[in-house]
Amino acid sequence: MPVMKDEAVALRRIDYSETSQVLLFLTRGHGPRRLLAKGIKRGTKQKFATGIDLLEHGRVVFAVRASGESGLGNLTEWRQIDLYTGLRSDLHRLYAAQYAAEVTAAMVEEADPHPELFDALVGFLKALVSGGEPLGLLADYQATLLASTGLWPDLTRCLLCNRPAPPGRAGYFSATQGGLICRDCINRVAEKCKVSGLVLDALRRRAFSLESAPGAFELLDYTIAHMLGRRPGLSRFIRGQVR
């Protein structure tokens, strides 16, 4: 089986046995990869082993099928770069990081590389640990995820009549349509929600203040939920903090 080397962040982990784990990594150059880490939790007299933690960042060596297609590969080496231990001291930051891991795992196809998204995830985790405002950072990461997967909504015009959307003005958003709907066309759309001008301007600029971040997160979470056909499991905790 071909051997690959890359940087990776652990998005999901499952204990496979007393000594092994199955992990889903987002790798920088090879996309999401499911890997079996045999014996990763087996300790020695000199070293106590606990396996690889969720959101841990490191350098990975892994073997895959000869075709390079998606499927369970074998992790052969792991060297930790950062554990982001600061996330565990603040529940808001931990929930934000876990939400990012959950939606990334759900929205990116296995073996489909998105190096810009990997860099954004690492930057997001570092900024959380460094004390950045969690909700604004999370909204920015949501925006990057949607843009990277080709699902960023059109917030510049009405998608039905093509009328430009003026800055500073509230509007109606439809996840089904993939963007804004003007007042004249709104009766033609069943699924929609109203969004403030403050939030729409923040999303267009990708700059989120304390005032705009809650609404931006809510709208992007709503969009992600529409794409997945369900609300992300962690979104209720984030929305609970918003309210």
Can you confirm whether the stretch 41-52 contains a residue that is at pLDDT 95 or above, of a type outside the set (Gly, Ala, Ser) and either under 19 Å from Arg65 (Cβ atoms) or part of a loop (DSSP other than H, G, I, E, B) (or both)? no
Could you list, in sequence order, the residues of the stretch 94-120 that are among the small types (Gly, Ala, Ser), assigned to a helix (DSSP H, G or I) and in contact (Cβ under 8 Å) with a residue 60 or more places away in the chain? Ala96, Ala101, Ala105, Ala106
Residues located in the stretch 64-108, provided they are under 18 Å from Arg13 (Cα atoms) and either of a type in the set (Lys, Arg) or in contact with a Ser or Thr (Cβ under 8 Å, 6 or more places away or on another chain) (or both): Arg79, Arg88, Tyr99, Met107, Val108
Would you check which residues across the stretch 197-243 are assigned to a helix (DSSP H, G or I), of a type in the set (Gly, Ala, Ser) and under 17 Å from His92 (Cβ atoms) and list them? Ala213, Ala216, Ser235, Gly240
The stretch 195-210 - residue that is surrounded by fewer than 19 Cβ atoms within 10 Å (Cβ to Cβ) and within 21 Å of Ala165 (Cα to Cα) and, of those, nearest to the chain's Cα centre (by Cα): Arg206
Restricting the first residue to the stretch 80-93 and requiring it to be within 17 Å of Gln241 (Cβ to Cβ), which pairs with a second residue that is in a helix (DSSP H, G or I) and of a type in the set (A, V, I, L, M, F, W, C) meet a Cβ separation below 6 Å and a spacing of at least six or different chains? Leu87/Leu94; Leu87/Ala97; Arg93/Leu87; Arg93/Leu128
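The values are calculated or read from the model by the stated rules, or taken from the named source; none is laboratory data. Here the structure is a predicted model, which means the values were calculated and not measured. Glycine gets a Cβ as well: all are built from the backbone with ideal geometry, and neighbour counts include every protein chain shown.
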